[in-house]
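Q: Have a look at this one before I ask anything.
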Amino acid sequence: MTTLVQLRCVACRRGEPTVTVDELAQFQPQVPDWALSEVDGIPRLERRFRFPDFAQALAFTNQVGALAEAEAHHPALVTE
C-alpha cells in the first residue's frame, strides 16, 4: 500500500487528475485528524491547530509554508 509520505502533490496542478473516491478511502485513515469537506463543489481536507499564543501559531504557519513551497503545493492557510 502506498503511504501519503511517499507521494508528491500533483493534483493541484492544472490538467492533473484529482483524487478518486477509492483513493480517498485508502488515504483517509493515514490522516485521521483531518476532516473532508466540500467548498464550492470541490472536496478538500481541513484541520485546525490551536496554539497558546499568536507567535507560536505564526511560527507553525511559516514552517507549513516552507514545506508547501518545497512541494509546489499552495494550500489555504488561515492564521488568527
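Values quoted throughout were computed directly from the atomic coordinates according to the rules given, and no laboratory measurement underlies them. Remember, predicted model here, so these are calculated numbers, not experimental data. Virtual Cβ from ideal backbone geometry, glycine too; neighbours counted across all protein chains shown.
Q: Among the residues of the range 4-15, is there at least one that is free of Cβ contacts under 8 Å to residues at least 24 places away in the same chain, polar (S, T, N, Q) and part of a helix (DSSP H, G or I)?
A: Yes - at least one qualifying residue is present in the range 4-15.
Q: Of everything in the range 28-59, what is within 20 Å of residue 74 (Cβ to Cβ), within 12 Å of the chain's Cα centre (by Cα) and not in a strand (DSSP E or B)? Give them in sequence order.
A: Answer for the range 28-59, where residues must be within 20 Å of residue 74 (Cβ to Cβ), within 12 Å of the chain's Cα centre (by Cα) and not in a strand (DSSP E or B): 31, 34, 47, 48.
Q: I'm trying to understand the selection: among the residues of the range 51-75, which are without any contact (Cβ under 8 Å) to a residue 24 or more places away in the chain, under 24 Å from residue 7 (Cβ atoms) and surrounded by 13 or more Cβ atoms within 10 Å (Cβ to Cβ)?
A: Listed by number, the residues that qualify are 60, 61, 64, 65, 68, 75.
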